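Below is one structure, written out as structure tokens; the observations come after it.
Nothing in this text is a laboratory measurement; each read-out follows from the coordinates by a stated rule. What you see is a predicted model; the values in this text were computed from it and never measured. Note that we place each Cβ from the backbone using ideal geometry, even for glycine, and neighbour counts take in every protein chain shown.
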2 protein chains.
Amino acid sequence: MNRVKAVVSYDGTNFAGYQSQPGLRTVQLEIDKALRKIHKEIPVHSVASGRTDAGVHAFGQVIHFDTPLSLPTDRWKMALNVLLPTDIRIVSTAYVDEDFHARYGAIGKTYKYVWTRSKVQSPFERNYAVHLGKWNPDVEIMQAAATHLIGTHDFTSFCSSKTATTNKVRTVKRLVLEEEGDLLTMTIEGNGFLYNMVRTIAGMLLAVGIGWNTPADVKRILESCDRNNAGKTAPAHGLYLESVDYED
Amino acid sequence: MNRVKAVVSYDGTNFAGYQSQPGLRTVQLEIDKALRKIHKEIPVHSVASGRTDAGVHAFGQVIHFDTPLSLPTDRWKMALNVLLPTDIRIVSTAYVDEDFHARYGAIGKTYKYVWTRSKVQSPFERNYAVHLGKWNPDVEIMQAAATHLIGTHDFTSFCSSKTATTNKVRTVKRLVLEEEGDLLTMTIEGNGFLYNMVRTIAGMLLAVGIGWNTPADVKRILESCDRNNAGKTAPAHGLYLESVDYED
């Protein structure tokens, strides 16, 4: 058997999330359907670095799958792109060692969260950036609040109360707010993220940016280890899985 | 009665074109539905500068409608945007003289046509730019061909054979090819366009860019006044109605 690693980009708008669910259109379902066709109806299951929620996008999701076939490396990308719907694209494919694992081998991930300050939201951005409307967040204050989250912390306050994982300690390596034109972007890099963690952090930093909370509140809420203290989870359609890192 | 002019932007992806058609989701239908709600179920019909086909987008379509209401100017924009689906946005509204007419008063229009050279088409561009795939058009040759179309000509060769209009003479004021990153854009400004004229020109210029035709062919085809001589009509989803001009 050969193991193939693929980098996958998808527009999450018309998917009920990444993971297969009976009766729903998911990214995994479409990928596994394409793999099955390539393998003449023999089921081949892909494994992703992690799931993403309905509406969440990806530039660089990573998957792997095992195959008895030995196509030239680039043929995998082409064969899959011919069969996949155009809201999923395979960016690259490569053969990897059999000990490569898209999920367990991931040592870091980078997400982006995108807001827009445009006066009237462009219809072309409606599924790709969260409209700030009347809110006019102060980016410097958001960055000041963000620094409290950088480092190794128990992120219980900043994940869904439905999170199954017991160990909620994660390391945030980088958390940067940037502006370009009408767009306000949060980039967050860490060794791993809890369920809804990026969207909860985005919601919290926005609350600070518009003056509902202070940077000191963020520190206090982090230390309280109580999800009830952090504010609203930011909407799914502003979120992008940018890349997944592995040991070389 | 007051006459209101509105500039409208829409993502054409999920519309069966601009104009109302029984049983289909069109831009006009949604706008007139919103106007009817504002007028407490009294039908109010909007008039647009012209129709756009299914899949065609707009940054600056222009419409007008008559109303007995006297809302403050900006309230029209807000009231309509609250009621409209998010793939249609009212960019601006203004009261105009009763002799303003969105269709008959239009003295010029600008369209953009967008292709992408990206190796793998981004899923985020799939409805907004035409993927060139293996084609690598030469922009300078396209521009040379374009110059033959600038000016006042009979554009019979460059419109749909279904065009009902008998006078097929139009003036193209500007026709520019530009590159920015992976995107190749054609901008065309004229006093008016025949049915499918912009997409036929886009298809023809691309055919020149990839060497299927020469700039001299374009001149010859224009002079032949025969639609069968121009090549394939370019796909709808690369086309944007950029703006509509009126006398001040």
Near-label residues of the stretch B:1-32 by backbone N, under 15 Å of a point 7 Å along Cα→Cβ of B:R51:
B:15-30
Once the dipole of the protein assembly as shown is set up with Lys and Arg at +1 and Asp and Glu at -1 on Cβ about the Cα centre, which of A:L206, B:T147, B:G17 lies farthest towards its positive end?
B:G17
5 Å is the cut-off here: which amide hydrogens, built 1.01 Å from N in the peptide plane, fall below it relative to B:S92, excluding neighbours closer than 5 in sequence?
B:V7
Table column - 3J(HN,Hα) (Hz), the stretch A:16-26, Karplus curve with 6.51, -1.76, 1.60, x for Gly and Pro:
8, x, 7, 6, 4, 9, x, x, 10, 7, 10
Report, for A:W135, each distance to the same residue's label point in the other copies, shortest first and in nm; define the point 7 Å along Cα→Cβ.
4.3
So what are the ³J(HN,Hα) numbers for the stretch A:106-122, from phi and the Karplus equation (6.51, -1.76, 1.60; θ = phi - 60°), rounded to whole Hz, Gly and Pro as x?
5, 10, x, 9, 10, 10, 10, 10, 10, 10, 10, 8, 3, 4, 10, 5, 4
Quick query: amide H of B:L184 versus all other amide H atoms, modeled in the peptide plane; which residues come in under 5 Å with a sequence gap of 5 or more or a different chain?
B:W115, B:T116, B:R117
The stretch B:6-139 - percent relative contact order, Cα under 8 Å, separation 6 or more:
27 percent
Only residues of the stretch B:219-238 count here: report those whose backbone N is under 17 Å from the spot 7 Å along Cα→Cβ of B:W135, or say none.
B:229-238
Inter-copy distances for A:W212, label 7 Å out on the Cα-Cβ vector, sorted ascending, nm, one decimal, are 5.4
Which entries in A:K112/A:K162; A:K77/A:K173; B:K173/B:K219; A:K33/A:K162 show an alpha-carbon gap greater than 21 Å?
A:K112/A:K162; A:K77/A:K173; A:K33/A:K162
State whether the protein assembly as shown is rounded, prolate or oblate according to the following rule on the C-alpha gyration tensor (a ≥ b ≥ c being the square roots of its eigenvalues): a/c under 1.5 gives rounded; otherwise a/b larger than b/c gives prolate, and the remaining case gives oblate.
oblate
How far apart are the A:C225 label points across copies, placing each 7 Å from Cα toward Cβ, in nm, shortest first?
8.5
In whole angstrom, how far apart do the alpha carbon centroids of the stretch A:30-72 and the stretch A:95-147 sit?
24 Å
Cβ-derived FRET efficiency at R0 25 Å, A:E178 paired with A:D97, nearest 0.05
0.10
Looking only at other chains, what is the average number of their beta-carbon atoms within 10 angstrom of each beta-carbon in A:123-133?
4
From zero up to wherever the largest Cα-Cα distance of the stretch A:2-96 sits, split into 10 Å bins and tell me the percent of pairs in each.
17, 56, 25, 2
The answer for A:G105, listing residues at least 5 apart or on another chain whose modeled amide H is closer than 5 Å to its amide H, is none
Cα shape, the stretch A:65-144, gyration tensor, a/c 1.5 rule:
oblate
Relative contact order as a percentage, chain A, C-alpha pairs under 8 Å and 6+ apart, gives 24 percent
Here the percent of antiparallel bridges among DSSP beta bridges lying wholly in the stretch B:106-246, to the nearest 5, is 95 percent
